[in-house]
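> Next up is a structure, given as structure tokens.
The values are calculated or read from the model by the stated rules, or taken from the named source; none is laboratory data. The model shown is predicted, which means the values in this text are computed figures rather than measured ones. Please note: Cβ atoms are built from the backbone with ideal geometry, for glycine as well, and neighbour counts cover all protein chains shown.
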Amino acid sequence: MRKNIVAGNWKMNTTIPEGIELAKAVVAKSAEVPSDVKLIVATPFTHLYPVAQVLEGTAVSLSAENCADKEKGAYTGEVAANMLVSAGCEYTLLGHSERRQYYGETDAKLVEKTKIALANGLKVILCVGENLEEREADKHFEVCKTQTESVLYNFTAEDMKNIVIAYEPVWAIGTGKTATAEQAQEIHAYIRKVVADKFGAQVADDMTILYGGSCKPSNAKELFAQPDIDGGLIGGAALSADDFIQIALSF
Ligand code: 13P
């Protein structure tokens, strides 16, 4: 049941024409990727609908990078879950560290966002991970436990089928510093245990847990070879279709 996933998070990069070209290049190369590896691209809101047209009928899925915590109404600048679905999204990222750090995203907000995303039929990729200070203070297990529990313990085993966790140590994002395969594996195994403590061994075993943070073609193989790492959430390297596909060929 556990899926291998490679998801590209484009963040706030590319114009719409550039995004369409990137999506086309990913689709063109996706035939090389075995069918048991799921490819996802997460694009800025403005790109979702045109990129959905490129992905239509292909095996590549579309994700948003964020979703509102309200259903609809007077929330200027927000984008609702049902709008994402109507734009062609199957997934949304939630709780990316950049949203937590720069936009005040809290675990309480993430509970609301996850509820609304799931209720509208979106699958959720929930990001967790410690920052450098927390890692240096040896608090990484505690931080990941709290982030995972505070959000996911509000959901059911059935909901968990539509949730993926991405472990992204903040100190490894965009820094070129990757967590070693051992560092990533020990946290992934721990997060899986946090899931098992509430939902049981089967749900935890079926859970896809991705690694993110300077994942690239040169280190993906070693990371994906770890028993609890089921793929990657890729930032910078996802802006190159060649690198992105190379990463997807690393299982
Ligand atoms: P980088 O791969 O650029 O380090 O970004 C990782 C990330 O934040 C993906 O969500």
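> Out of LEU94, LEU48, which single residue is within 16 Å of the ligand (Cβ to nearest atom) and at pLDDT 95 or above?
Being within 16 Å of the ligand (Cβ to nearest atom) and at pLDDT 95 or above holds for just one of LEU94, LEU48, which is LEU94.
> Out of the range 147-174, which residues are in contact with a helix residue (DSSP H, G or I) (Cβ under 7 Å, 6 or more places away or on another chain), of a type in the set (S, T, N, Q) and away from the ligand (no atom under 16 Å from the Cβ)?
Hits for the range 147-174 are THR148, SER150, ASN154, ASN162.
> So, one more: Taking only pairs six or more apart or across chains, which ones have beta-carbon atoms under 6 Å, a first residue in the range 207-225 that is over 15 Å from VAL37 (Cβ atoms), and a second residue that is within 14 Å of the ligand (Cβ to nearest atom) and assigned to a helix (DSSP H, G or I)?
From the range 207-225, the pairs are GLY213/ALA172; SER214/ALA172; LYS216/ALA237.
> Continuing with this model, one more query. Considering only the range 237-247, state which residues are within 14 Å of the ligand (Cβ to nearest atom) and either within 16 Å of SER63 (Cα to Cα) or in a helix (DSSP H, G or I) (or both).
Hits for the range 237-247 are ALA237, ALA238, LEU239, ASP243, PHE244, GLN246, ILE247.
> Ok, one more. For the range 224-236, state whether one or more residues are crowded, with 22+ Cβ neighbours inside 10 Å, within 14 Å of the ligand (Cβ to nearest atom), part of a loop (DSSP other than H, G, I, E, B) and at positive phi.
no
> So, ILE125, is that one closer than 30 Å to GLY57 by Cα, touching a residue at least 60 places away in the same chain (Cβ under 8 Å) and either out of contact with any helix residue (DSSP H, G or I) (no Cβ under 8 Å at 6 or more places or on another chain) or crowded, with 18+ Cβ neighbours inside 10 Å (or both) or not?
Considered against the rule, which asks whether it is closer than 30 Å to GLY57 by Cα, touching a residue at least 60 places away in the same chain (Cβ under 8 Å) and either out of contact with any helix residue (DSSP H, G or I) (no Cβ under 8 Å at 6 or more places or on another chain) or crowded, with 18+ Cβ neighbours inside 10 Å (or both), ILE125 comes out as yes.
> Kindly list the number of the only condition in (1) away from the ligand (no atom under 16 Å from the Cβ); (2) over 18 Å from the mean Cα position of the chain (by Cα) that fails for THR180.
(1)
> Could you list, in sequence order, the residues of the range 130-170 that are within 19 Å of GLU222 (Cα to Cα) and not in a strand (DSSP E or B)?
Hits for the range 130-170 are GLU168, PRO169.
> Which of the residues belonging to the range 97-136 are within 16 Å of the ligand (Cβ to nearest atom) and out of contact with any strand residue (DSSP E or B) (no Cβ under 7 Å at 6 or more places or on another chain)?
Within the range 97-136, GLU98, ARG99, ARG100, GLN101, TYR102, TYR103, GLU105, GLU130, ASN131, LEU132, ARG135 meet the criteria.
> Find the residue count for the range 192-223, including only residues that are under 17 Å from PHE141 (Cβ atoms) and within 16 Å of the ligand (Cβ to nearest atom).
3
> Also: Could you please find all residues in the range 176-187 being within 18 Å of ASN131 (Cβ to Cβ) and in a helix (DSSP H, G or I)?
Of everything in the range 176-187, those that are within 18 Å of ASN131 (Cβ to Cβ) and in a helix (DSSP H, G or I) turn out to be GLN183, ALA184, GLU186, ILE187.
> Moving on. When the range 204-218 is examined, which residues are found to be buried (at least 20 other Cβ atoms within 10 Å of the Cβ) and assigned to a helix (DSSP H, G or I)?
Selection gives ALA204 alone.
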